[in-house]
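Structure first, then comments.
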Amino acid sequence: MNHVRIILFSMVELKLLKEIKGIQLYIPNSTFYLFPDVTSIYNSMNAQSYEDFRLRVLRETGVSFCTREHFGTPFKDEKRKYIRFAYSGISINNIQNGLKKLKNFCAELETSTIF
(Lines give C-alpha, C1' and ligand atoms only; values in the text may rest on other atoms or scores of the structure.)
Protein backbone atom coordinates (compact mmCIF):
# COMPACT_ATOMS: atom_id res chain seq x y z
CA MET A 1 0.00 0.00 0.00
CA ASN A 2 1.53 3.34 -0.94
CA HIS A 3 1.86 6.24 1.50
CA VAL A 4 -0.78 8.40 -0.19
CA ARG A 5 -3.34 5.64 0.14
CA ILE A 6 -2.44 5.08 3.80
CA ILE A 7 -2.87 8.79 4.53
CA LEU A 8 -6.20 8.84 2.69
CA PHE A 9 -7.46 5.82 4.64
CA SER A 10 -6.48 7.38 7.94
CA MET A 11 -8.07 10.73 7.09
CA VAL A 12 -11.37 9.06 6.17
CA GLU A 13 -11.35 6.86 9.26
CA LEU A 14 -10.35 9.71 11.60
CA LYS A 15 -13.09 11.99 10.29
CA LEU A 16 -15.77 9.32 10.64
CA LEU A 17 -14.64 8.17 14.09
CA LYS A 18 -14.60 11.76 15.38
CA GLU A 19 -18.28 12.07 14.39
CA ILE A 20 -19.36 9.22 16.69
CA LYS A 21 -20.53 10.45 20.06
CA GLY A 22 -18.99 8.46 22.88
CA ILE A 23 -15.71 7.72 21.11
CA GLN A 24 -12.54 9.60 21.98
CA LEU A 25 -9.64 9.31 19.60
CA TYR A 26 -5.96 9.91 20.13
CA ILE A 27 -4.06 10.35 16.88
CA PRO A 28 -1.01 8.09 16.58
CA ASN A 29 2.24 9.41 15.08
CA SER A 30 2.45 6.68 12.45
CA THR A 31 0.57 3.45 11.89
CA PHE A 32 -2.36 1.99 10.06
CA TYR A 33 -4.08 1.25 13.31
CA LEU A 34 -6.30 3.53 15.33
CA PHE A 35 -6.99 2.98 19.02
CA PRO A 36 -10.22 4.76 19.94
CA ASP A 37 -11.36 4.99 23.54
CA VAL A 38 -14.86 3.47 23.61
CA THR A 39 -15.41 3.57 27.37
CA SER A 40 -18.60 5.61 27.12
CA ILE A 41 -20.17 3.28 24.55
CA TYR A 42 -18.96 0.17 26.40
CA ASN A 43 -20.58 1.40 29.62
CA SER A 44 -23.83 2.47 27.92
CA MET A 45 -24.17 -1.07 26.56
CA ASN A 46 -23.65 -2.49 30.06
CA ALA A 47 -21.04 -4.76 28.49
CA GLN A 48 -19.80 -7.43 30.86
CA SER A 49 -16.50 -7.93 29.03
CA TYR A 50 -14.58 -6.85 25.96
CA GLU A 51 -15.80 -10.00 24.23
CA ASP A 52 -19.43 -9.15 25.08
CA PHE A 53 -18.88 -5.67 23.64
CA ARG A 54 -17.05 -6.89 20.52
CA LEU A 55 -19.60 -9.57 19.67
CA ARG A 56 -22.61 -7.30 20.11
CA VAL A 57 -21.12 -4.62 17.87
CA LEU A 58 -20.12 -7.25 15.30
CA ARG A 59 -23.57 -8.87 15.27
CA GLU A 60 -25.47 -5.62 15.07
CA THR A 61 -23.22 -3.72 12.64
CA GLY A 62 -20.93 -6.19 10.90
CA VAL A 63 -17.98 -4.04 12.03
CA SER A 64 -14.99 -6.04 13.19
CA PHE A 65 -12.15 -4.81 15.39
CA CYS A 66 -9.72 -6.05 18.00
CA THR A 67 -10.21 -5.27 21.65
CA ARG A 68 -7.58 -4.17 24.14
CA GLU A 69 -7.15 -7.82 25.10
CA HIS A 70 -5.89 -8.54 21.57
CA PHE A 71 -3.15 -5.90 21.41
CA GLY A 72 -1.19 -6.08 24.61
CA THR A 73 -1.93 -6.59 28.24
CA PRO A 74 -4.06 -3.87 29.85
CA PHE A 75 -2.32 -1.97 32.63
CA LYS A 76 -3.16 -3.14 36.15
CA ASP A 77 -5.35 -0.13 36.98
CA GLU A 78 -6.54 0.59 33.44
CA LYS A 79 -10.15 1.76 33.60
CA ARG A 80 -10.63 3.03 30.05
CA LYS A 81 -11.77 0.70 27.26
CA TYR A 82 -9.93 0.69 23.92
CA ILE A 83 -10.39 -1.06 20.61
CA ARG A 84 -8.12 -1.26 17.57
CA PHE A 85 -9.12 -0.63 13.99
CA ALA A 86 -6.79 -1.80 11.23
CA TYR A 87 -7.38 -0.53 7.75
CA SER A 88 -4.76 -2.25 5.66
CA GLY A 89 -6.31 -4.05 2.72
CA ILE A 90 -9.76 -2.52 3.23
CA SER A 91 -11.28 -0.20 0.66
CA ILE A 92 -12.18 3.35 1.57
CA ASN A 93 -15.78 2.56 0.64
CA ASN A 94 -15.88 -0.36 3.10
CA ILE A 95 -14.32 1.77 5.84
CA GLN A 96 -16.92 4.49 5.27
CA ASN A 97 -19.81 2.03 5.24
CA GLY A 98 -18.61 0.24 8.37
CA LEU A 99 -18.07 3.43 10.33
CA LYS A 100 -21.47 4.76 9.28
CA LYS A 101 -23.03 1.55 10.62
CA LEU A 102 -21.07 1.97 13.85
CA LYS A 103 -22.19 5.60 14.10
CA ASN A 104 -25.84 4.60 13.64
CA PHE A 105 -25.49 1.85 16.24
CA CYS A 106 -24.03 4.32 18.74
CA ALA A 107 -26.77 6.86 17.98
CA GLU A 108 -29.39 4.19 18.70
CA LEU A 109 -27.66 3.45 22.01
CA GLU A 110 -27.73 7.13 22.86
CA THR A 111 -31.50 7.32 22.37
CA SER A 112 -32.07 4.31 24.59
CA THR A 113 -29.51 5.20 27.30
CA ILE A 114 -27.67 8.21 28.59
CA PHE A 115 -23.93 8.47 27.81
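The values are calculated or read from the model by the stated rules, or taken from the named source; none is laboratory data. Since the model is a prediction, treat every value here as computed from it, not as a measurement. Cβ placement follows ideal geometry from the backbone for every residue including glycine, while neighbour counts extend to all protein chains displayed.
When the stretch 1-36 is examined, which residues are found to be more than 20 Å from Cys66 (Cβ to Cβ) and either hydroxyl-bearing (Ser, Thr, Tyr) or modelled with pLDDT under 70 (or both)?
If the condition is that a residue be more than 20 Å from Cys66 (Cβ to Cβ) and either hydroxyl-bearing (Ser, Thr, Tyr) or modelled with pLDDT under 70 (or both), then Asn2, His3, Val4, Arg5, Ile7, Leu8, Met11 are the ones that fit.
List the number of the failed condition for Thr39; all other conditions in (1) among the hydroxyl-bearing types (Ser, Thr, Tyr); (2) at pLDDT below 90; (3) under 17 Å from Leu109 (Cβ atoms) hold.
Every listed condition holds for Thr39 apart from (2).
Of everything in the stretch 63-99, what is in contact (Cβ under 8 Å) with a residue 60 or more places away in the chain and more than 16 Å from Val38 (Cα to Cα)? Give them in sequence order.
Scanning the stretch 63-99 gives Tyr87, Ser88, Gly89, Ile90, Ile92, Ile95, Gln96.
Tell me the residue from Val63, Val57 that is closer than 18 Å to Phe105 by Cα and in a loop (DSSP other than H, G, I, E, B), please.
Val63
Here's a check for you: in the stretch 84-110, which residue that is touching a helix residue (DSSP H, G or I) at 6+ places or on another chain (Cβ under 7 Å) and of a type in the set (Val, Ile, Thr) is farthest from Asp52 (Cα to Cα)?
Among those residues, the one meeting the criterion is Ile92.
Is at least one residue of the stretch 33-56 among the aromatic types (Phe, Trp, Tyr) and in contact (Cβ under 8 Å) with a residue 40 or more places away in the chain?
Taking every residue of the stretch 33-56 in turn, at least one turns out to be among the aromatic types (Phe, Trp, Tyr) and in contact (Cβ under 8 Å) with a residue 40 or more places away in the chain.
Restricting the search to the stretch 63-115, which residues are over 17 Å from the mean Cα position of the chain (by Cα) and among the hydroxyl-bearing types (Ser, Thr, Tyr)?
Within the stretch 63-115, Thr73, Thr111, Ser112, Thr113 qualify.
Do you know which residues across the stretch 76-90 are assigned to a loop (DSSP other than H, G, I, E, B) and either modelled with pLDDT of 80 or more or β-branched (Val, Ile, Thr) (or both)?
Answer for the stretch 76-90, where residues must be assigned to a loop (DSSP other than H, G, I, E, B) and either modelled with pLDDT of 80 or more or β-branched (Val, Ile, Thr) (or both): Lys76, Asp77, Glu78, Lys79, Arg80, Lys81, Ile90.
Quick check on the stretch 81-102. Is at least one of its residues surrounded by 11 or more Cβ atoms within 10 Å (Cβ to Cβ) and more than 19 Å from Leu14 (Cβ to Cβ)?
yes
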